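Everything on this sheet refers to the single structure shown next.
The values are calculated or read from the model by the stated rules, or taken from the named source; none is laboratory data. Quick caveat: nothing in here was measured; it's all calculated off a predicted structure. All Cβ positions, glycine included, derive from the backbone under ideal geometry; neighbour counts span all protein chains shown. Quick note on the areas: whole protein, heavy atoms, side chains included, nothing else; ligands and nucleic acids left out. Shrake-Rupley method; radii C 1.70, N 1.55, O 1.52, S 1.80 Å.
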Amino acid sequence: MNLSLINDLTKEQFTEALGAVFEHSPWVAEQAYEARPFRSIDELHDAMVKVVVNSPEESKIALFRAHPDLATRIKIGEYSTKEQQGAGLDRLTPEEFEVFSASNEQYTDKFGFPFILAVRGKNKSDILAAMKDRIDNSLKDEADEALWQIARITKFRLHDLITE
């Protein structure tokens with residue numbers, strides 16, 4: 001799919017094409033549609049991130065909660081599946097899986113949403129280290145970090161999906 005095609009889509013087509021980029025949150029694409037035409041993928045991404053940043057806190061938390069746990073064994077979205085496979089999270093030993101499960105539970109219990117990290121280019125050790133480092137953050141700092149990580153994740157996804 002190229003950027004010219006994206007700019008020519010109807011709102012419904014645009015939302016269908018890009019609705020999964022922000023994990024199970026097609027409202028982001030739907031609202032970003034109004035900022036067309038986009039001159040670059042980065043401009044499209046900036047418009048989508050701006051929608052999230054300017055959304056009410058409950059919408060941001062809902063977006064955070066739409067993300068799956070890392071190293072989960074439940075069915076997750078296509079983008080998340082590929083990203084987690086790339087980081088080796090689909091090949092954990094039973095012991096590693098238990099460590100991830102416990103870390104995910106501790107994190108979610110503290111913050112009320114799953115641990116979010118752009119895992120591209122990272123391995124399971126990097127991810128566990130980030131979980132351990134971030135567990136001591138304040139809720140505000142962690143919400144800001146989660147938003148930053150979502151911005152990184154979605155930029156990768158858009159660049160993978162669209163050509164200029």
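Subtracting the Cα-Cα distance of Ala66 and Lys110 from 0.36 nm times their residue separation leaves 14.2 nm of extension gain. Do the alpha carbons of any pairs in Lys11/Lys124; Lys11/Lys122; Lys60/Lys132; Lys50/Lys132; Lys50/Lys124 sit beyond 27 Å of each other, and which pairs? Over 27 Å apart, Cα to Cα: Lys11/Lys124; Lys11/Lys122; Lys50/Lys132; Lys50/Lys124. Between Glu34 and Ser101, with labels modelled 7 Å along Cα→Cβ, what's the label distance in nm to one decimal, could you check? Reported label-point gap for Glu34 and Ser101 is 4.5 nm. Computed from backbone phi, the HN-Hα couplings of the stretch 54-59 come to 8, 7, x, 3, 5, 5 Hz, rounded to whole numbers (Karplus: 6.51 cos²θ - 1.76 cosθ + 1.60, θ = phi - 60°; Gly and Pro given as x). Rounded to the nearest 20 debye, the dipole magnitude of the stretch 2-63 is 120 debye, with +1 charges on Lys and Arg beta carbons, -1 on Asp and Glu beta carbons, and the Cα centre as origin.
Probing with 1.4 Å while keeping every protein chain in the model, the per residue accessible area of the chain equals 54 Å².
Within the listed set Leu117, Leu92, Leu147, the Gaussian network model of the chain (springs between alpha-carbon atoms below 10 Å) gives the highest mean-square fluctuation for Leu92. About the centre of its Cα atoms, the chain shows a dipole size close to 200 debye [charges on the beta carbon of Lys, Arg (+1) and Asp, Glu (-1) only; nearest 20 debye]. Considering only alpha-carbon pairs that sit under 8 angstrom and 6 or more positions apart, the relative contact order computed for the chain is 27 percent.
So what does log10 I(q)/I(0) come out to for the chain at q = 0.10 Å⁻¹, using the Debye formula with one equal point on every Cα and no solvent? The computed values of log10 I(q)/I(0) come out as -0.38.
Solvent-accessible area of the chain (1.4 angstrom probe, protein heavy atoms only): carbon and sulfur portion equals 51 percent. The ellipsoid that matches the Cα gyration tensor of the stretch 108-164 has semi-axes, each √(5λ) in whole angstrom, of 24, 14, 8, with the longest given first.
Backbone geometry of the stretch 25-39 corresponds, through the Karplus equation with coefficients 6.51, -1.76 and 1.60 at θ = phi - 60°, to 3J(HN,Hα) couplings of 9, x, 4, 5, 5, 4, 6, 6, 3, 5, 7, 4, x, 9, 8 Hz, x marking Gly and Pro.
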